[in-house]
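Enquirer: Questions regarding the structure given below will be posed in turn.
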Amino acid sequence: MLKYMNPKRFYHAVGKKKFWEFILLAVFIIFFYGPLLNMTLLAFSNTYEYPHVFAQSWGTKWWSYVFQQKSLVSSIAQSFIIAIATTLISMIFCIPAAYSIARFKYPGRKGFMLSFLLTNAFPKLGIYTSIAVLFYKYGLMGTYAGVIIIHMINSMMFMVWLPASAFRSVHRQQEEAARDVGAGPVRTFFKVTFPMALPGIAVATLYTFLGSMEEAQGTMLVGLGKIQTMPVAMYGIVLDSSAVQIGAVFAILLIIPSAVMIFAMRRYIGPEAISGGFKMK
């Protein structure tokens with residue numbers, strides 16, 4: 001068919017298609033990276049007034065202001081402590097649950113799996129308020145334990161669904177082969193099943209850690225202001241000042257650990273590992 005087509009028309013059609021593809025790509029880049037670029041510009045703006053596009057003066061004035069806050073260092077430390085604790089405890093509780101979902105069939109299995117979705121299906125503030133009533137009763141308000149439980153509730157869907165999909169991808173024949181040569185159930189799990197499911201578990205761990213680092217509403221409500229993580233400290237400092245640059249500086253500080261974690265675990269992050277966790281069988 002191409003040999004009967006006028007070459008000029010063909011190249012014109014191809015060029016027109018490439019042009020619109022370039023336009024769509026440019027729109028996507030502006031839409032996706034525009035806010036990040038604007039945030040970076042604001043973070044290094046000493047003086048900025050709306051509706052100007054660029055700052056009137058540049059510098060690190062607001063970086064100095066943020067780092068002079070006494071609560072900053074302690075909030076960074078508390079964020080990392082709570083995020084690491086949330087990730088480790090979630091792994092201890094959720095990985096066995098994910099394995100049971102992947103390997104055993106029992107009544108109510110799908111309903112049990114769907115129950116982890118409920119915490120993300122409703123407005124979180126309402127859930128936090130209901131949980132706070134129980135936490136007052138059991139003395140968990142204003143404690144690290146209470147905040148970690150809140151963070152775990154937010155991450156349980158990822159820590160169950162993604163590892164469950166990873167465990168399903170491990171063929172039973174491989175486990176049976178290890179059992180045939182004398183490996184016990186525990187050794188088979190840690191030497192065969194767990195290493196092969198590690199990519200999906202790593203992605204779930206990454207989601208849990210990053211989700212804990214950025215969680216603010218539940219931490220503010222349950223922590224009662226006693227536990228100051230970075231997002232909570234950011235809210236306090238931003239509300240005390242009208243400068244939008246402070247929020248931009250804190251946003252970059254919150255992005256840095258996320259970017260480091262994503263870079264460190266880039267070999268495990270892929271569409272198959274992520275999308276596979278949301279398939280229910």
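The values are calculated or read from the model by the stated rules, or taken from the named source; none is laboratory data. No experiment lies behind these values; they were computed from the predicted model shown. Here the Cβ positions follow ideal geometry from the backbone for every residue, glycine too, while neighbour counts run over all protein chains shown. Protein only, heavy atoms only, side chains kept; ligands, DNA and RNA dropped before computing areas. Shrake-Rupley method; radii C 1.70, N 1.55, O 1.52, S 1.80 Å.
Enquirer: Could you check, for the range 80-87, whether at least one of its residues is aliphatic (A, V, I, L, M), in a helix (DSSP H, G or I) and over 19 Å from the mean Cα position of the chain (by Cα)?
Expert: Among the residues of the range 80-87, not one is aliphatic (A, V, I, L, M), in a helix (DSSP H, G or I) and over 19 Å from the mean Cα position of the chain (by Cα), which makes the answer no.
Enquirer: For L72, are the conditions met, namely being within 25 Å of F158 (Cβ to Cβ) and of a type in the set (A, V, I, L, M)?
Expert: It is false that L72 is within 25 Å of F158 (Cβ to Cβ) and of a type in the set (A, V, I, L, M).
Enquirer: Out of (1) modelled with pLDDT of 80 or more; (2) among the hydrophobic types (A, V, I, L, M, F, W, C); (3) open to solvent by 60 Å² or more (accessible area, probe 1.4 Å), the odd one out for W63 is which?
Expert: (3)
Enquirer: While we're on this one: Looking at the range 122-138, can you tell me whether even one residue there is more than 20 Å from A85 (Cα to Cα) and of a type in the set (S, T, N, Q)?
Expert: Among the residues of the range 122-138, at least one is more than 20 Å from A85 (Cα to Cα) and of a type in the set (S, T, N, Q), which makes the answer yes.
Enquirer: Being of a type in the set (S, T, N, Q), modelled with pLDDT of 80 or more and under 34 Å from the mean Cα position of the chain (by Cα) is the requirement here; does S71 meet it?
Expert: no
Enquirer: Looking at this structure, is V249 at pLDDT 75 or above, more than 25 Å from C94 (Cβ to Cβ) and in a helix (DSSP H, G or I)?
Expert: Considered against the rule, which asks whether it is at pLDDT 75 or above, more than 25 Å from C94 (Cβ to Cβ) and in a helix (DSSP H, G or I), V249 comes out as yes.
Here's the yes/no breakdown for (1) of a type in the set (V, I, T); (2) in contact (Cβ under 8 Å) with a residue 12 or more places away in the chain; (3) open to solvent by less than 20 Å² (accessible area, probe 1.4 Å); (4) in contact with a Gly (Cβ under 6 Å, 6 or more places away or on another chain):
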residue: K70; (1), (2), (3), (4): no, no, no, no
residue: S74; (1), (2), (3), (4): no, yes, no, no
residue: A77; (1), (2), (3), (4): no, no, no, no
residue: A83; (1), (2), (3), (4): no, yes, yes, no
residue: T86; (1), (2), (3), (4): yes, yes, yes, no
residue: I95; (1), (2), (3), (4): yes, yes, yes, no
residue: A98; (1), (2), (3), (4): no, yes, yes, no
residue: L118; (1), (2), (3), (4): no, no, no, no
residue: A121; (1), (2), (3), (4): no, no, no, no
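Enquirer: Still on this structure, please answer the following. Take the residues of the range 99-122 that are hydrophobic (A, V, I, L, M, F, W, C) and under 19 Å from the mean Cα position of the chain (by Cα): which is farthest from F194 (Cα to Cα)?
Expert: Top of the filtered list is F122.
Enquirer: Residues of the range 47-60 being modelled with pLDDT of 80 or more and open to solvent by less than 40 Å² (accessible area, probe 1.4 Å), which ones?
Expert: G59
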